[in-house]
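S.K.: This is the structure I want to talk about, given as structure tokens.
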Amino acid sequence: MKARVLLCFASLAAISFVRADATIEGLVTLPPPQMGRTLSARYQTTVEAPLTPSNPPSAVVYLEGNFTGAEATAKAPAQMSQKNMLFSPDLVAVRVGGVVEFPNLDDTYHNVFSYSKTKRFDLGRFRKGEKPSTIVFDKPGVVTVHCEIHDRMRGIILVLETPYFTKTDTAGRYRLEHLPAGHYDLKAWINEADVRSVPVDLKDGGTVHVDLPRK
Amino acid sequence: MRPNKFILVLALAFVCNARADLFDRVNDALLFRDAKLQLQVQLSGLVDLETYYLDQPPPGLIFTGNQWLFNPRLSIFLDAQWTRHIYLFVQARVDRGFDPSDEGAEARADEYFLRYTPLDNSRINFQIGKFATVVGNWVPRHLSWENPFINAPLLYENLTGIWDEEAPEDVDDLLYWAHVPNEYGYNNGYIDKYYRLPMIWGPSYATGLAVTGTIDRFDYAAEIKNASLSSRPEYWDATERGFEHPTFSGRAGFRPNEMWNFGVSASGGPYLSAEAAESLPLNRSIGDYRELLLGQDIAFAWHHWQFWAEFYEARFQVPRIGNADIFAYYLEAKYKITPQLFAAVRWNQELFGDVRDGTERVQWGNDTSRVDLAVGYRFTNYLQTKVQYSFTHQDPHEEGQHVAGLQITLKF
């Protein structure tokens, strides 16, 4: 009998966690898009300086709180490819333990590396068509990714402890679904100098609209 | 290096290590774009702090009578892109001389060139100014951040018996200048170091015009410069030497895929300076004596490995003596052991041919071999240190020559 009661309580607790049905949506005011021109190589005969748009601006929106009971959902690896001498996308978010692939889609070598304390790695020189290397990000933090060959290529991998995160669209719109009820901080990561935060109260089945304007 | 300098370097390394993001922002702050994105200007630079422990006399193009040498260098780069058609590059340096020395500080504009790309692709580009030679494959990695070593390959700095300011009277002169032993012993002094020339002097930033381009997997480059590949830095400026006796050089390259890069180079031009005119045979001019050079280069890269090799056959046409030939090569490999730690090894040789001395032939230089070993560590994307050891063996010397070096580079 005692065991049945315990099982019942355990089931209820699990259901209450699984029943994470709150939603937040809103708008993050993003910085304007930038265009850039790759500078010519100083000592090479190949001179390519096309006017290329940078990645469309975006932000990572995530819910910060204690989610230790939340199970890690097995996801396909995220991708940060190298295309037109840029990282595409140049902002990727993964949960701790998440995997990122780095396929090279350009007709030239890239050498992706990071010296960030959160994750140090160097993929070496990879060419188009090679099976992309994957890196597991096992500590939370910000990882700045560069290409050794193309100086101005820069990407960010945001490694989060929370399972509740999403990327905005290029207009800054976001929607986070299946969130557990409770009191949390909602954060928007635009860059290391611009992280916006708003406290939110979530109720089961409710939808909250939160905008994160520029400070 | 004095203790206070060393503490300063350590403090700098600590700050740079702790604030790598700051340097990202500095890098961004030094990029200027106009509103219409027609013009983009990037300022950047390198601060090199290097110190050497040397056997005397110092090898190659190191100029000091001391066993220890501290050689700091500040290099400022300006890259300006106007549309996709015009590119301007300037490299200015403050240091103790173009090559490591114990002289006082001096400031120079080492490179400045304008490149015009008429088409919307890179099939043809025109370049004018003072710029590194198109010959070979060492130039693209000669700056301290890219070079796995502190110094250049042997053939870019080993001094031969060729002087540019005076012609030899006879073979004995040439052999004496080349420090080749004869019945009277041999010259192992330091005093004549300033007169002698290497096969190629560093990246050879001489002044001139170039046409370059890439067509599919083929690269080509041709240049006309005011000074030969062996000429000293003082003659690279157009104000110091005009175009009366130009040097023509070129390179053709083939990249079958991203891993491999093959090239062949050639160069020809007078190597004697105007001061040598008085010492020439009657009715001969400095334009009659050329440095002719043929080169082959290979580069390979795959994952954490990089490999380079250059092979050169050079001929100096020497007054009263004839052709003095050299064959030189090096094999260089770099491997990244961890994301931040790399090791490099380079094997260099310079082998001298014979010249006619009366009825017999004599070798006109001392065959030289050198092994370079280096280990480097990148603390951040902006701070790097390298330690190098080189051992040189030159034929008449029973004992070899040792050089150890340490270089700290801050990139911004």
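The values are calculated or read from the model by the stated rules, or taken from the named source; none is laboratory data. Note that the structure is a prediction, hence the values are computed from the model and not measured. Note: ideal-geometry Cβ built from the backbone for every residue, glycine included; neighbour counts use all protein chains shown. Protein only, heavy atoms only, side chains kept; ligands, DNA and RNA dropped before computing areas. Shrake-Rupley method; radii C 1.70, N 1.55, O 1.52, S 1.80 Å.
S.K.: Between A:Leu105 and A:Lys215, how high is the FRET efficiency from 1/(1 + (r/R0)^6) when r is the Cβ-Cβ distance and R₀ = 25 Å? Nearest 0.05.
M.R.: Between A:Leu105 and A:Lys215 the formula returns 0.10.
S.K.: Taking the Cα-to-Cβ direction at B:Leu30 and at B:Ile191 and moving 7 Å from each Cα, how far apart do the two end points lie in nm?
M.R.: 4.4 nm
S.K.: Principal axis lengths of the protein assembly as shown from Cα atoms, whole Å, largest first?
M.R.: Taking the Cα atoms of the protein assembly as shown, the three principal extents are 115, 53, 44 Å.
S.K.: Restricting to DSSP H runs of at least four residues, report the calculated mean residue ellipticity at 222 nm for the protein assembly as shown, -39500 (n - 2.57) per run over all residues, nearest 500 deg cm²/dmol.
M.R.: Helix contribution divided over all residues of the protein assembly as shown: -2500 deg cm²/dmol.
S.K.: Sticking with this structure for a sec: For B:Lys225, go through the lysines and keep the ones whose alpha-carbon is under 17 Å away, minus same-chain ones fewer than eight residues off.
M.R.: Straight-distance partners of B:Lys225: B:Lys130.
S.K.: Further question on the same structure: So, R0 is 41 Å and r is the distance between the beta-carbons of B:Leu22 and B:Tyr335; what FRET efficiency does that work out to, to 0.05?
M.R.: For B:Leu22 and B:Tyr335, the calculated efficiency is 0.85.
S.K.: Place +1 on the Cβ of every Lys and Arg and -1 on the Cβ of every Asp and Glu in region A:22-209, take the dipole about the Cα centre, and give the residue among A:Tyr164, A:Asn55, A:Ala181 whose Cα lies farthest towards its positive end.
M.R.: After comparing all options, I get A:Asn55.
S.K.: Roughly how many nanometres apart are two label points built 7 Å out from the Cα toward the Cβ at B:Ala404 and A:Asp21?
M.R.: 7.3 nm
S.K.: Would you check region A:22-209 for Lys pairs whose C-alpha atoms are within less than 17 Å, ignoring same-chain pairs closer than 8 in sequence, and give me the count? The partial results should precede the final answer.
M.R.: Numbers: A:Lys75/A:Lys167; A:Lys83/A:Lys128; A:Lys83/A:Lys131; A:Lys117/A:Lys139; A:Lys119/A:Lys139; A:Lys167/A:Lys187.
Summing the qualifying lysine pairs gives 6.
S.K.: Restricting to Cα pairs below 8 Å that are 6+ residues apart, what does the relative contact order work out to for region A:22-209? Please round to a whole percent.
M.R.: The value is 29 percent.
S.K.: Under a 1.4 Å probe, what is the accessible area of region A:22-209 per residue, stated in Å²? Numbers along the way, then the final one.
M.R.: Details: 8560 Å² over 188 residues.
Here the per-residue accessible area is 46 Å².
S.K.: As an exercise, use a Förster radius of 51 Å and the Cβ-Cβ distance of A:Lys139 and B:Phe248 to find the FRET efficiency, rounded to the nearest 0.05.
M.R.: Numbers: r = 57 Å, r/R0 = 1.12.
The computed FRET efficiency comes out at 0.35.
S.K.: Based on the Cα coordinates of region A:22-209, what is the per residue volume of their convex hull in Å³?
M.R.: 121 Å³
S.K.: If you count, for every residue in B:377-385, the Cβ atoms of partner chains within 10 Å of its Cβ, what is the mean?
M.R.: 2
S.K.: Considering only the other residues whose Cβ falls under 12 Å of the Cβ of A:Val198, what net charge follows from Lys and Arg at +1 and Asp and Glu at -1?
M.R.: Every neighbour counted, the sum reads -1.
S.K.: Could you state how much accessible area is buried at the B-A interface, both sides summed, with a 1.4 Å probe, in Å² to the nearest 100?
M.R.: 4000 Å²
S.K.: Oh, and also: In whole percent, what relative contact order does region B:36-183 give with Cα contacts below 8 Å and a gap of six or more residues?
M.R.: Worked out over region B:36-183, it gives 17 percent.
S.K.: Considering Cα pairs under 8 angstrom that are at least six residues apart, work out the relative contact order of chain B and quote it in whole percent. Numbers along the way, then the final one.
M.R.: Working: 1050 pairs, mean separation 59.5, N = 412.
That works out to 14 percent.
S.K.: If you line up the long axis of helix B:3-18 against the longest principal axis of chain B, both from Cα atoms, how many degrees apart are they, to the nearest 10?
M.R.: 40 degrees
S.K.: Could you work out how far apart the two model spin labels at A:His178 and B:Asn257 are, taking each label as a point 7 Å from the Cα in the direction of the beta carbon, and quote it in nm?
M.R.: Placing both labels 7 Å along Cα→Cβ, they lie 4.2 nm apart.
S.K.: As I understand it, the value is the acute angle between the Cα axis of helix B:20-29 and the longest principal axis of the Cα atoms of chain B; what does it come to in degrees, rounded to 10?
M.R.: Orientation of helix B:20-29: about 90 degrees from the principal axis.
S.K.: Per the 1.4 Å probe, what fraction of the accessible area of the protein assembly as shown, in percent, lies on carbon and sulfur atoms?
M.R.: Exposed carbon and sulfur together represent 59 percent of the surface.
S.K.: Report the full-extension gain for the segment B:Leu78 to B:Asp172: residue separation times 0.36 nm, less the Cα-Cα distance, to one decimal in nm.
M.R.: That pair, B:Leu78 and B:Asp172, stretches by 29.0 nm at full extension.
S.K.: So, one more: Given a 1.4 angstrom probe, what's the average accessible area per residue across chain B, in square angstrom?
M.R.: Working: 17360 Å² over 412 residues.
Spelled out: the 1.4 Å probe surface of chain B, per residue, equals 42 Å².
S.K.: In peptide A:108-119, what is the residue-averaged number of other protein chain Cβ atoms found within 10 Å of each Cβ? Kindly include the intermediate steps, with their values, before the conclusion.
M.R.: Working: counts 2, 5, 1, 5, 0, 5, 2, 10, 4, 2, 0, 1.
Mean inter-chain Cβ contacts per residue within 10 Å come to 3.
S.K.: Please list, or write none, the aspartates and glutamates whose alpha carbon is within less than 19 Å of the alpha carbon of B:Lys336, excluding same-chain residues fewer than 8 places away.
M.R.: A:Asp122, A:Glu148, A:Asp151, B:Glu146, B:Glu258, B:Asp372
S.K.: Then there is this: Dividing the Cα convex hull volume of chain B by residue count, how many Å³ per residue is that?
M.R.: Roughly 152 Å³ of hull volume per residue.
S.K.: Sticking with this structure for a sec: For region A:90-174, what is the per residue volume of the convex hull drawn over the alpha-carbon atoms, in cubic angstrom? Don't skip to the answer; put the middle values down first.
M.R.: Details: hull volume 8.8 nm³, N = 85.
Spread over its residues, the Cα hull of region A:90-174 gives 104 Å³ apiece.
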